[in-house]
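Comments concern the structure below.
Taken together, the values in this text are just the output of simple stated rules run on the coordinates, not laboratory data. Remember, predicted model here, so these are calculated numbers, not experimental data. Positions of Cβ are backbone-derived with ideal geometry, glycine not excepted, and every protein chain shown enters the neighbour counts.
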Amino acid sequence: MPSCSSDAASITGSIGFSTPAADAARLPSSPTSRGWPEPCPRSSASPTSRSPVPFESTLRDYREAAAAFSRPARLFLLCTTLAWTGYGVNQVLFNLYLVEAGFDEAFVGRAVFWNGLGLALAALPAGQLADRWGRRRGLILGAIIEGLGLLTRTLVPTPAMVYGGSALAGVGQSLMAIGAAPFITEHSTARERTHLFSAFFASELLASVAGNLIGGWLPVGFGRLLAPGALLAYRWTLLLGAAIQLASLLPLFMMRDLHEARLSHASYAEDRSAVRMLWPIAINAFCIGVGAGLVIPFMNLYFRSRFQCSSAQIGVFFSLAQVSTALAALLAPALARKFGKLRTATASQLLSLPFLVTLGAEKHLAVAVPAFWMRATLMQASIPLVSTFVMEALPAGLRARSTSVTNLVWNAGWAVSATLSGLLIRRFGYSIPFFITAVLYATAALFFYFSFRHTAERGGSPRLSEEAKGLRGEGPATE
């Protein structure tokens, strides 16, 4: 389920580029003049005492933060795991299913366009709905609509139904992506928020691994049981993916007693400086959306066409990329604490660009696959840091609006560029889209950095207060 936070959101997409802000009212922090946590005082222990190695320190920090995750946050992580497992099946298999059904790359590009159009058109209404209905109800509606869209385009692979089902799935994905980041922010405190966003992102990726493996290997088993040819095997596997995605409703229903207050935008109408912050956020999202749309929807076809890889091989490539990205995302909070969220995210994005260019130029699979893994790891590991940074920079009344705007422009860029890319690939091959994407990603990363380099970052207190522990998960912060 795509979201604009991810260059693979196809995705999301996506799952969200925005992420909620800090909760200073519920959990006071002690930032320095630059907004970062004060260094810990030196220990009075004897010189012979051994200080923990960085890995041990990071692991202990994560354990402490994870213990602070609220019940709604934990249930939402389960919801995310199920939704992204279903999405992972579609990610690795749906384009191959369309090609097996007799369609070409240009048609695949148009199907991606309709999915992006649904995401974009639903973005602004989804933000209003999330504020008025509550995040949980918006997430439930999104899961239902996305599941129906996936079922429709799989069961009836005609042009009209593929386009309509893709658009419907996009509407559902938009509702889920826009509600996710504010939900996480409002059910966490400053101490564990960055860790929760990283855990959320890692759960997306690891669930995608499971989905990629299902999508890559299950058709082999179905192929032995069903009629000759891959079409029916692909169809049954995609239907299983849709069923797993619909199962993400169960954790949301388990939160039925959750109280969520309605948010009003009126108190922020005059805060023009806060509203102006949406412009660089939106421009960054648009550039990344355009670049992602040029290459990400076609990565499975890239490996199949250029290197003649099977669906099982492609599933393994995607899965290992997700595992390495998840590990990097879990390490990101430790780096962000030392260097800052913005600088860490920008450096990670820029370091991914040489590998992106390599993918466009490379003709040897042994080089292309490691480049694919490195590009995905470096680019996507920055997503939870950017999400946390953006949400903490915005007041509560602008969080859903920010997510709506970024999803709108990201998916609009994605939809248009995916359509163009299908035509470019058919005429010129895969190289040019990769090179254009590298330029767009560099522009987005540098523009975002220079727009916010003077914005103070918030750091969490080293420990949760008893008051903060009692308030976790009881509703949105309205600071």
| field | Net dipole in debye of the stretch 293-445 [+1 Lys, Arg Cβ; -1 Asp, Glu Cβ; about Cα centre; nearest 20] | value | 60 debye
| query | Tell me, Phe318, Phe450 in order of fewest to most beta-carbon neighbours within 10 Å? | reply | Phe450, Phe318
| query | Listing Glu457, Glu186 from the residue with the fewest other Cβ atoms within 10 Å to the one with the most, what is the order? | reply | Glu457, Glu186
| Where a ≥ b ≥ c are the square roots of the eigenvalues of the C-alpha gyration tensor, would you call the stretch 328-461 rounded, which needs a/c under 1.5, or, failing that, prolate if a/b is larger than b/c, or oblate? | oblate
| note | Diffing the stretch 327-336: the Karplus 3J(HN,Hα) column from phi (6.51, -1.76, 1.60, θ = phi - 60°), in whole Hz with x for Gly and Pro, holds 4, 5, 5, 5, 7, 4, x, 5, 5, 5
| field | Separation of the Leu423 and Leu327 label points, Cα + 7 Å toward Cβ, nm | value | 4.3 nm
| Where the centre of each part is set by its Cα atoms, how far does the stretch 369-387 sit from the stretch 416-448, in angstrom? | 17 Å
| remark: The residues Asp104, Asp131, Asp61, Asp257, sorted from fewest to most surrounding Cβ atoms within 10 Å, come out as Asp257, Asp104, Asp61, Asp131
| query | Roughly speaking, what is the centre-to-centre gap between the stretch 274-328 and the stretch 235-251 when only Cα atoms are used, to the nearest Å? | reply | 22 Å
| remark: Computed ³J(HN,Hα) along the stretch 306-315: with the Karplus parameters 6.51/-1.76/1.60, θ = phi - 60°, integer Hz and x for glycine or proline, the list is 7, 10, 6, 7, 7, 5, 5, 4, 4, x
| Once you sort the root eigenvalues of the Cα gyration tensor of the stretch 260-410 as a ≥ b ≥ c, which label holds: rounded (a/c under 1.5), prolate (a/b larger than b/c) or oblate (the other case)? | prolate
| task | Just subtract the alpha-carbon distance of Ala347 and Ala312 from 0.36 nm times their residue separation and send over the number in nm, one decimal. | result | 9.3 nm
| query | So what are the ³J(HN,Hα) numbers for the stretch 95-107, from phi and the Karplus equation (6.51, -1.76, 1.60; θ = phi - 60°), rounded to whole Hz, Gly and Pro as x? | reply | 4, 5, 4, 5, 5, 5, 7, x, 8, 9, 4, 5, 5
| request: Assign unit charges at the C-beta atoms only (+1 for Lys and Arg, -1 for Asp and Glu), then state the dipole size of the stretch 124-228 relative to its Cα centre in Debye, rounded to the nearest 20. | output: 120 debye
